[in-house]
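Since every read-out is calculated from the coordinates, none of them should be taken as a lab result. Because the structure is a prediction, the values reported are computed rather than measured. Note: ideal-geometry Cβ built from the backbone for every residue, glycine included; neighbour counts use all protein chains shown.
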């Protein structure tokens with residue numbers, strides 16, 4: 001993957017690590033920190049998440065990039081939002097440019113035919129949102145349901161799908177938007193025209209009036 005972050009006017013921009021490399025290092029540090037705050041050993045975290053100690057060791061040492069599903073399991077076990085794993089990423093500026101096709105991939109393209117690209121990352125204490133570009137390239141019989149704190153906003157870019165929020169289902173086509181409470185179980189139910197691509201933005205915390 002070639003995820004690069006371009007920022008405003010830095011003279012040493014070419015020498016800086018890519019967004020992917022920086023994110024992997026920060027993620028490793030945040031995972032160790034979150035586990036330490038709970039006083040958990042690696043064995044305890046492995047038991048809580050169902051992940052192997054070997055995989056956790058690789059993630060905590062920056063030797064392996066976790067998939068989105070693995071991050072979700074870690075976040076759930078540690079009672080933290082996904083963005084907590086990226087706090088402290090390049091806090092020297094509040095401008096982050098991710099060029100087309102270079103978002104940080106949280107899941108390999110080949111994994112279940114789905115692609116998740118993070119278009120931004122929490123880089124300071126006041127960053128309260130998580131934008132992600134989701135591309136579904138293969139039909140799946142059963143989709144996982146998601147629940148998280150805050151509010152989620154979807155904007156449909158291409159394709160057609162039915163998206164479930166609680167007991168209700170909504171047909172989304174290009175240009176459609178959907179907003180809902182993230183704590184209500186949600187996720188794709190049926191894919192129509194392929195490929196399906198949409199922007200997902202999760203917002204956490206209180207927005208001042």
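What the table shows:
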| quantity | calculated |
| --- | --- |
| Mean Cβ neighbour count within 10 Å, used as a protection proxy, ranking 24-36, 162-174 highest first | 24-36, 162-174 |
| Largest-first principal axis extents, alpha carbons of the range 18-72, Å | 32, 21, 18 |
| Interatomic Cα distance distribution for the range 128-203, bins of 5 angstrom, percent | 4, 17, 29, 29, 17, 4, 0 |
